[in-house]
Amino acid sequence: MEPEDLKICPYVPNHRMPASRLQYHLASCKKKNPKIAKKMANCKYNACHVVPIERLKEHEASCTDRTAVDDEPFNLPKFISPSLEPNERPSNAAHQILDPDIWNESEEGKTMNIIMNEGLSPL
Ligand SMILES: [Zn+2]
Ligand SMILES: [Zn+2]
């Protein structure tokens, strides 16, 4: 009924067949074209997905048949984002503006302490 529904054989693009026959065809086509098959790999999510080995990871990452279970380790690192850092800066800057006054006072107190301590030592 729908001629566009034909699948293209990943080994030999001239081979076209209905999706229902693709899996069977792949098995026999793989045997007939071992040299081509060597450079191809099966998607672990769907046996009908045959892609060049160097593109296998790329395909499996975006495969429509990927199961939710395989997504688990993928999601974890994305949750940790350093979104708190920009928030800390303004409060830090405000602190630095206030700081010099406080620092000067405590520095004076320290100086006073040193003078008093020195006054204790006999001359
Ligand atoms: Zn084929
Ligand atoms: Zn796939």
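The order of I53, I36, going from fewest to most other C-beta atoms within 10 Å of their C-beta, is I53, I36. Of the residues L26, L56, L6, the one with the fewest other Cβ atoms within 10 Å heads the list, and the complete ranking is L6, L56, L26.
Working note: Karplus 6.51/-1.76/1.60 with θ = phi - 60° gives the stretch 36-42 the couplings 6, 4, 4, 8, 10, 9, 7 Hz, where Gly and Pro are set to x.
Taking 7 Å steps out from each Cα toward its Cβ at Y45 and A61 produces label points 1.3 nm apart.
Over all projection directions, the Cα-based convex hull of the stretch 3-69 averages an area of 4.9 nm². Less than 19 Å from a label point 7 Å out along the Cα-to-Cβ axis of V12: which backbone N atoms in the stretch 31-46 qualify, by residue? 31-41, by backbone N distance to the label point. This model, with +1 at the C-beta of Lys and Arg and -1 at the C-beta of Asp and Glu, gives the stretch 3-69 a dipole about its Cα centre of some 420 debye.
Each value in this text was obtained by applying a stated rule to the coordinates, not by laboratory testing. Bear in mind the structure is a predicted one, so any value in this text is a computation, not a measurement. Counting neighbours? That spans all protein chains shown, and the Cβs are built from the backbone with ideal geometry, glycine included.
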